[in-house]
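The next block holds one structure in the form of structure tokens; read it before the comments.
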Amino acid sequence: MPLSRRTITLVAALGVIVVGGAAAIAAVALSGQGAAPPGRDTTIVASDLSKATDAAARASPGTPQHAAAAYLSAQPTAVWLTPEADPPGEVRQRIAHLAAEAREQDARVAVVVYGLPGRDCGGLSAGGLDEDAYLDWTREIGDALRDAADTSPIVVLEPDSLALAPECGNVDERVAQLSAAVEAIASDGTWIYVDGGHSDWLPPAQMAELIERVDRASAVDPGRGIRGFATNVSNYRSTADEVAYAREVAGHLDGLHAIIDTSRNGAGSTGEWCNPPGRLVGEPGGTIGDDVVDTNLWIKPPGESDGACNGGPAAGAWWPEAAVELTRRVIGD
């Protein structure tokens, strides 16, 4: 069986540094794309710029709304970068702030890039930039993350974009957009995960084909581009289902890994994706990890609405009642 391109890269790297002694070998074994990949015990930053932090500051102390927001504000959770909140010309400053927080917390920067043209196919999270602006925006994000390389940044690139593309009829367009974004963001210190849908969406082989097309189209040196794919982002599927799904998808790919969003899957899924009632926060980030699934993280911030459905506000808006419901088991009734 021929060696994969990632295996060849690692072997070549090890061959170069053998003469440097055991310490050098250990450094390369941990370095991957410039630092250790995400794995069990990974801790990402809990940003003071989160909506949970704002909600805790506004809520009356002693109320369930305050308790829920305060709890969630302290949990390591990925930060979503959108052009609406962090437009071109400003997103670099947001990442610099996150990097400073990460250094103080001995944590890693973790961001979700969410601003591609025609985002969500005009659904509840519609928006995004035009083609040229999106390329400039992702280049700015890439430059900022390279400045933050010491925090080993983790990037979840455009949730739902690939899994939704067959339904939207824009697969070729999405592959081109995402591969260009990978090229703009990639660096030795950044770990990129593209959209991997979830276990109740596309069949594993179809999802893997879409991921592979983006990986092949990205003109990035082996080891510097896509680390893998993210599953269950903003969804509620159980961790066991997602681990099994991720392993099936990865089985069709050449050495790619997965991360799983466990922010709101503590009660599993009813099959409904938009603000289903009765859900709970899931396992804290960094509690799992194996040879395929790098780890789990909180990617969708609990307490933020999925959209104007089931009584919720607009997508991404803070919803105090949902925050209380999601945290009812961890902070008491």
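Each reported figure results from applying straightforward, stated rules to the coordinates on display, with no laboratory input. The model shown is predicted, which means the values in this text are computed figures rather than measured ones. Using ideal geometry, Cβ is built from the backbone for each residue, glycine included, and neighbour counts are taken over all protein chains shown.
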| request: Work through the residues other than His252 whose Cβ is under 13 Å from its Cβ and net out their charges, Lys, Arg +1 and Asp, Glu -1. | output: -3
| request: Could you check which residue among Asp221, Asp132, Asp172 shows the biggest mean-square fluctuation in a GNM of the chain with a 10 Å Cα cutoff? | output: Asp132
| said: I'd like the Karplus ³J(HN,Hα) series for the range 202-209: coefficients 6.51, -1.76, 1.60, θ = phi - 60°, whole numbers in Hz, and an x wherever there's a Gly or Pro. | reply: 7, x, x, 5, 5, 4, 5, 4
| For the pair Asp172 and Asn310, how long in nm is the line joining their label points, each one 7 Å along Cα→Cβ? | 3.8
| Calculated from DSSP H runs of 4 or more alone, at -39500 (n - 2.57) each and per residue, what is the 222 nm mean residue ellipticity of the chain, nearest 500? | -12000 deg cm²/dmol
| Taking neighbour counts of Cβ atoms within 10 Å as a proxy for exposure, in what order, fewest first, do His97, His198 appear? | His97, His198
| task | Compute the semi-axes of the equivalent ellipsoid of the chain, taking the square root of 5 times each eigenvalue of the Cα gyration tensor, and list them largest first in whole Å. | result | 31, 22, 20
| note | A correct Kirkwood calculation over the Cα atoms of the range 158-268 returns a hydrodynamic radius in Å of 13.9
| remark: Under 20 Å by backbone N from the virtual spin label 7 Å along Cα-to-Cβ at Asp136, the residues of the range 87-121 are 87-96, 113-119
| Within-12-Å neighbourhood charge of Thr42 [Cβ basis; K, R +1; D, E -1] | -1
| said: Give me a comma-separated list of calculated 3J(HN,Hα) values for the range 225-232, in order, Karplus coefficients 6.51, -1.76, 1.60 applied at θ = phi - 60°, integers in Hz, x for any Gly or Pro. | reply: x, 7, 7, x, 9, 10, 10, 6
| Using modelled backbone amide H atoms (1.01 Å from N, in-plane), which distant-in-sequence or interchain residues come within less than 5 Å of Trp80's amide H? | Val112
| query | Which of Asp195, Asp291, Asp150 moves the most in a Gaussian network model of the chain with Cα springs under 10 Å? | reply | Asp291
| task | Name the residue, out of Glu183, Glu242, Glu173, whose mean-square fluctuation peaks in a Gaussian network model built on the chain with Cα pairs under 10 Å. | result | Glu173
| message | What is the angle, in °, between the Cα long axis of helix 64-73 and the longest principal axis of the Cα atoms in the chain? Nearest 10 is fine, range 0 to 90. | response | 10
| In a shell of Cβ-Cβ distance under 13 Å around Trp273, excluding Trp273 itself, what net charge do Lys and Arg (+1) and Asp and Glu (-1) give? | -2
| said: Looking at the range 37-326 only, what percent of DSSP beta bridges run antiparallel? Nearest 5 please. | reply: 10
